[in-house]
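Below you'll find the structure, written out as structure tokens, and then a few comments.
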Amino acid sequence: MPAVNEQRIYLHKHSRREFRQRMQSGELKACIIPVAATEQHLEHLAMEHDWRSVMHIATEVASRMQPAVIVALAMNIGISEHHMQHIGTLTALPGSWLGVLFDTIRSMHQAGFQQILVLNGHGGNVAPCLGIWGQFQQRLAFSAPHPAAKQPPRQHPANLHFVSYWDLLPKEIAEATLQTKRWPGHAQEF
């Protein structure tokens with residue numbers, strides 16, 4: 001597989017001009033927003049495991065779909081209150097975390113993206129997201145683009161999706177591959 005061209009895949013590697021030109025040309029079609037956590041994974045894995053894993057998967061997807069897909073920076077602090085007894089865990093309150101996530105989604109939608117995937121890599125983020133997802137979609141049914149985009153307000157709802165990467169693994173493959181037959185698991189085989 002060819003080397004990843006970070007300049008084209010990651011939003012944060014673009015200058016303002018480069019990003020604007022790619023958006024205005026219509027080259028960019030979709031955005032991936034990785035979300036995860038920094039927390040304990042027993043004694044054998046680094047606390048970066050969740051966000052590094054989801055960022056790796058997002059990068060692989062974007063590299064295979066170039067030049068149409070861009071990856072935003074990962075939200076590497078998740079909802080991890082259940083792990084706070086383990087020092088080093090970073091957590092956010094669900095309301096605060098969901099507010100930052102919505103603002104990130106809204107920012108990408110306002111930049112011109114209608115196809116937005118929030119790719120999750122942490123189990124603690126699932127229930128809060130699923131509980132509010134319909135409201136996120138409703139709020140993005142109408143958007144006013146950023147003034148620099150020089151476009152009139154539009155009625156273009158975001159095609160907004162939330163998925164945990166382990167939900168994309170077919171059961172047959174997991175059962176044939178994993179010794180434990182369990183996934184996603186936490187700091188385990190998966």
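Rule-based calculations on the coordinates, nothing more; no lab input. Remember, predicted model here, so these are calculated numbers, not experimental data.
Would you mind checking the tilt of helix 94-110 against the longest principal axis of the Cα atoms of the chain, expressed as 0 to 90 degrees and rounded to 10?
40
If the elastic network links every pair of Cα atoms under 10 Å, which of Lys29, Lys13, Lys171 fluctuates the most in the Gaussian network model of the chain?
Among Lys29, Lys13, Lys171, the largest GNM mean-square fluctuation belongs to Lys171.
Can you match semi-axes √(5λ) of the Cα gyration tensor in Å to one of these, (1) 30, 20, 16; (2) 32, 24, 16; (3) 27, 19, 15, based on a calculation from the structure here?
(1)
Show me, for the range 63-79, the HN-Hα J-couplings you get by feeding each phi into the Karplus relation (A = 6.51, B = -1.76, C = 1.60, θ = phi - 60°), rounded to Hz, glycine and proline as x.
After applying 6.51 cos²θ - 1.76 cosθ + 1.60, I find 5, 7, 10, 5, x, 7, 10, 10, 10, 7, 4, 6, 7, 9, 10, x, 9 Hz.
5 Å is the cut-off here: which amide hydrogens, built 1.01 Å from N in the peptide plane, fall below it relative to Asn120, excluding neighbours closer than 5 in sequence?
Those lying under 5 Å, H to H, from Asn120 are Val35, Val163, Ser164, Tyr165.
How big is the antiparallel share of DSSP beta bridges in the range 1-127, given as a percent to the nearest 5? Let's see the in-between values first.
Numbers: 2 of 15 bridges.
For the range 1-127, the DSSP antiparallel bridge percentage is about 15.
Taking Cα atoms, how many degrees apart are the long axis of helix 16-25 and the longest axis of the chain, rounded to 10 and kept between 0 and 90?
Relative to the chain, helix 16-25 is tipped by roughly 70 degrees.
Can you list the residues, at least 5 places off or on another chain, whose amide H is less than 5 Å from the amide H of Tyr10, using H built in the peptide plane?
Val71
So which residue, out of Ile105, Ile32, Ile57, gets the largest mean-square fluctuation from a GNM of the chain using Cα contacts under 10 Å as springs?
Comparing Ile105, Ile32, Ile57 in the GNM, the peak value goes to Ile57.
When the Karplus curve 6.51 cos²θ - 1.76 cosθ + 1.60 is applied with θ = phi - 60°, which whole-Hz ³J(HN,Hα) does each residue of the range 39-54 get, with x for Gly and Pro?
After applying 6.51 cos²θ - 1.76 cosθ + 1.60, I find 7, 5, 9, 6, 8, 10, 10, 5, 5, 7, 3, 4, 6, 5, 5, 5 Hz.
Only helical DSSP H runs with n ≥ 4 go in: add -39500 (n - 2.57) per run for the chain, normalise by residue count and round the 222 nm mean residue ellipticity to 500 deg cm²/dmol.
Per the formula, -11000 deg cm²/dmol.
Using only Cα atoms, find the angle between the long axis of helix 126-139 and the longest principal axis of the chain, and express it within 0 to 90 degrees, rounded to the nearest 10.
It works out to around 10 degrees.
In a GNM of the chain with a 10 Å cut-off on Cα contacts, which of Ala92, Ala72, Ala62 has the highest mean-square fluctuation?
Largest GNM mean-square fluctuation: Ala92.
Collect residues whose amide H, placed 1.01 Å from N in the peptide plane, falls under 5 Å from the amide H of Thr38; neighbours closer than 5 in sequence don't count.
Amide H neighbours of Thr38, under 5 Å, 5+ apart: Gly78, Leu90.
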